[in-house]
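Engineer: My structure is below; once you've seen it, I'll send some questions.
Since every read-out is calculated from the coordinates, none of them should be taken as a lab result. Note that the structure is predicted; figures quoted are calculated from it, not measured. Cβ: placed from backbone, ideal geometry, glycine included. Neighbour counts: every protein chain shown.
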Amino acid sequence: MTELDLIQSPSTLRALIDRTEALLFPMASEPKTGALLRALAASKPRAQLLELGTGTGIATAWLLDGMDAASTLTTVDTDPEVQQVARDVLGPDSRVHFVLEDALAFLRRQPAATFELVFADALPGKYEGLDDALSVVRPGGFYVIDDLLPQPNWPEGHAAKVPVLLQRLAADPTLTIIPQAWASGIVIAVKRGR
Ligand SMILES: C[S@@+](CC[C@H](N)C(=O)[O-])C[C@H]1O[C@@H](n2cnc3c(N)ncnc32)[C@H](O)[C@@H]1O
């Protein structure tokens, strides 16, 4: 089985990739990550979804492709130049809301248990403010992170932080986790019901 031969990309992806490459933005999600996110989004009808770290909107496009018409996606980034790519290409889709703000500041304004899916793809909400990110996930909802296998663009000292994060998630009694050696290395954490 060749996984990607079986996966159709969102129609918006080509335009996003062209502009991502033109900007030399090096942190875009890969197709396997996108396909997984799309499937998770499709499992949650009438849902509110959150992405921390829009980048140029690659994962945003995959999430939107899985969501039903009644779902909404909020995506947050601090970099106006990269987020503008996503706004230009995906902005016509009324289900997506772009926020230009620090992810932690955004998280701390959200009521608990707001989102059915959180894709935490920036350092805040993952390596800092983990509790803030987990608190906004609804029972039964997904908290998803990637880049857990060694990546060439990891900064000095980052490698030591990854097992600490994984152990924290594994030890959290409010979660059940699925670590996957898929794409850049993914964990899907499901918030347990009360
Ligand atoms: C890994 S990239 C996101 C990639 C994108 N989700 C995708 O699928 O292609 C991380 C993003 O986090 C953003 N970022 C960095 N610090 C941030 C912060 N404090 N709050 C929100 N976003 C931040 C960066 O500007 C960058 O666009």
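Engineer: For the condition under 25 Å from Asn153 (Cβ atoms), out of contact with any Lys or Arg (no Cβ under 7 Å at 6 or more places or on another chain), more than 8 Å from the ligand (Cβ to nearest atom) and not hydrophobic (A, V, I, L, M, F, W, C), what is the one hit in Glu101, Glu30, Glu51?
Structural biologist: On the way: Glu101 fails: more than 8 Å from the ligand (Cβ to nearest atom); Glu51 fails: more than 8 Å from the ligand (Cβ to nearest atom).
Checking each option against the conditions leaves just Glu30.
Engineer: What number goes with the only condition from (1) free of Cβ contacts under 8 Å to residues at least 60 places away in the same chain; (2) within 11 Å of the ligand (Cβ to nearest atom); (3) out of contact with any Ser or Thr (no Cβ under 6 Å at 6 or more places or on another chain) that Leu23 does not pass?
Structural biologist: Every condition holds for Leu23 apart from (1).
Engineer: Now for a separate question. So Ile178 clears everything in (1) touching a residue at least 24 places away in the same chain (Cβ under 8 Å); (2) closer than 19 Å to Gly34 by Cα except one condition, right? Which one?
Structural biologist: (1)
Engineer: Here is a follow-up. Among the residues of the stretch 52-60, is there at least one that is more than 27 Å from Arg108 (Cβ to Cβ) and either surrounded by fewer than 16 Cβ atoms within 10 Å (Cβ to Cβ) or touching a strand residue (DSSP E or B) at 6+ places or on another chain (Cβ under 7 Å) (or both)? It would help to see each step written out before you state the result.
Structural biologist: From the stretch 52-60, those more than 27 Å from Arg108 (Cβ to Cβ) are none; that's our starting set.
The answer is no; no qualifying residue exists.
Engineer: While we're on this one: Within the stretch 1-23, how many residues turn out to be more than 21 Å from the chain's Cα centre (by Cα) and either of a type in the set (Phe, Trp, Tyr) or assigned to a helix (DSSP H, G or I) (or both)? Spell out the reasoning first.
Structural biologist: First pass over the stretch 1-23, keeping only residues more than 21 Å from the chain's Cα centre (by Cα): 1-2, 5-6, 22.
From the residues that got through so far, the ones that are either of a type in the set (Phe, Trp, Tyr) or assigned to a helix (DSSP H, G or I) (or both) too are 5-6, 22.
Within the stretch 1-23, residues that are more than 21 Å from the chain's Cα centre (by Cα) and either of a type in the set (Phe, Trp, Tyr) or assigned to a helix (DSSP H, G or I) (or both) number 3.
Engineer: Would you say Met27 is crowded, with 22+ Cβ neighbours inside 10 Å and within 17 Å of the chain's Cα centre (by Cα)?
Structural biologist: Judged against the criteria, Met27 is not a match.
Engineer: Still on this model: Which one is nearest to the chain's Cα centre (by Cα) among residues in the stretch 90-105 that are buried (at least 22 other Cβ atoms within 10 Å of the Cβ) and over 22 Å from Val190 (Cβ atoms)?
Structural biologist: Initial filter on the stretch 90-105 (buried (at least 22 other Cβ atoms within 10 Å of the Cβ)): 90, 96, 103.
With the extra rule that they be over 22 Å from Val190 (Cβ atoms), the set shrinks to 90, 96.
On the way: Leu90: 16, Val96: 14 Å.
By that ranking, first place goes to Val96.
Engineer: Is it fair to say Leu37 is touching a strand residue (DSSP E or B) at 6+ places or on another chain (Cβ under 9 Å), assigned to a helix (DSSP H, G or I) and either within 12 Å of the ligand (Cβ to nearest atom) or not hydrophobic (A, V, I, L, M, F, W, C) (or both)? So that I can check it myself, show each step before the final result.
Structural biologist: Details: touching a strand residue (DSSP E or B) at 6+ places or on another chain (Cβ under 9 Å): yes; assigned to a helix (DSSP H, G or I): yes; either within 12 Å of the ligand (Cβ to nearest atom) or not hydrophobic (A, V, I, L, M, F, W, C) (or both): yes.
Yes.
Engineer: I need the full set of residues from the stretch 105-135 which are of a type in the set (A, V, I, L, M), within 9 Å of the ligand (Cβ to nearest atom) and closer than 22 Å to Gln167 by Cβ, in order please.
Structural biologist: So in the stretch 105-135, the residues of a type in the set (A, V, I, L, M) come out as 105, 107, 112-113, 117-118, 120, 122-123, 130, 133-134.
Narrowing further to those that are within 9 Å of the ligand (Cβ to nearest atom): 105, 122-123.
Residues satisfying the conditions are Ala122, Leu123.
Engineer: Can you pull out every residue in the stretch 54-90 that is among the β-branched types (Val, Ile, Thr) and more than 9 Å from the ligand (Cβ to nearest atom)?
Structural biologist: Taking the stretch 54-90 first, the residues among the β-branched types (Val, Ile, Thr) are 54, 56, 58, 60, 72, 74-76, 78, 82, 85, 89.
Across the stretch 54-90, the qualifying residues are Thr72, Thr74, Val85, Val89.
Engineer: Can you name the condition, by its number, that Val144 falls short on among (1) within 16 Å of the chain's Cα centre (by Cα); (2) farther than 22 Å from Pro26 by Cα?
Structural biologist: Going through (1) within 16 Å of the chain's Cα centre (by Cα); (2) farther than 22 Å from Pro26 by Cα one by one, Val144 breaks only (2).
Engineer: Is it the case that Leu4 is hydrophobic (A, V, I, L, M, F, W, C), in contact with a Phe, Trp or Tyr (Cβ under 7 Å, 6 or more places away or on another chain) and within 20 Å of Trp182 (Cβ to Cβ)? Break it down into steps so the answer makes sense when it comes.
Structural biologist: Numbers: hydrophobic (A, V, I, L, M, F, W, C): yes; in contact with a Phe, Trp or Tyr (Cβ under 7 Å, 6 or more places away or on another chain): no; within 20 Å of Trp182 (Cβ to Cβ): yes.
Against the criterion (hydrophobic (A, V, I, L, M, F, W, C), in contact with a Phe, Trp or Tyr (Cβ under 7 Å, 6 or more places away or on another chain) and within 20 Å of Trp182 (Cβ to Cβ)), Leu4 does not qualify.
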